[in-house]
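Colleague: Let me begin by handing over the structure; questions about it come next.
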Amino acid sequence: MKNKGEVAPTESHDWTRPEDYIGALARRRTERKKREPRLRRTQPEAPRLLLSTLPFFLLIAALAVLAVAIMVAAWPGNRPQAKARPPAHEQGYAAKGWFDKAKREMRH
């Protein structure tokens, strides 16, 4: 590794110190960047309506419709009227002999 483009430092081949390791990584990255062709865009990529903006607007519209439907369903005027309850059964007393009278009616 005595070439002109040597990556590792010549004075130390010890990789136990962090600064040697980080320095070697930085030199490798620099050398790699020099070899790669540079591709530059002259204009930014045009946004695609169908892939970015349209699904977002469709989702917002669906959520808005759902919110309105929930509000309409929860509005107090749309509830059905409660049925009138029959009056509560009042507890009273039975006249004497009612059970005997009921037995006779059941037999006939």
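The values are calculated or read from the model by the stated rules, or taken from the named source; none is laboratory data. Since we're looking at a predicted model, the values are computed, not measured. Cβ atoms come from the backbone with ideal geometry, glycine included; neighbour counts cover every protein chain shown.
Colleague: Is it the case that some residue within region 31-42 is at pLDDT 80 or above and surrounded by 10 or more Cβ atoms within 10 Å (Cβ to Cβ)?
Modeller: No, there is no match, as no residue in region 31-42 is at pLDDT 80 or above and surrounded by 10 or more Cβ atoms within 10 Å (Cβ to Cβ).
Colleague: When you check LYS96 against the structure, is it modelled with pLDDT of 75 or more and either of a type in the set (Lys, Arg) or in contact with a Ser or Thr (Cβ under 8 Å, 6 or more places away or on another chain) (or both), yes or no?
Modeller: yes
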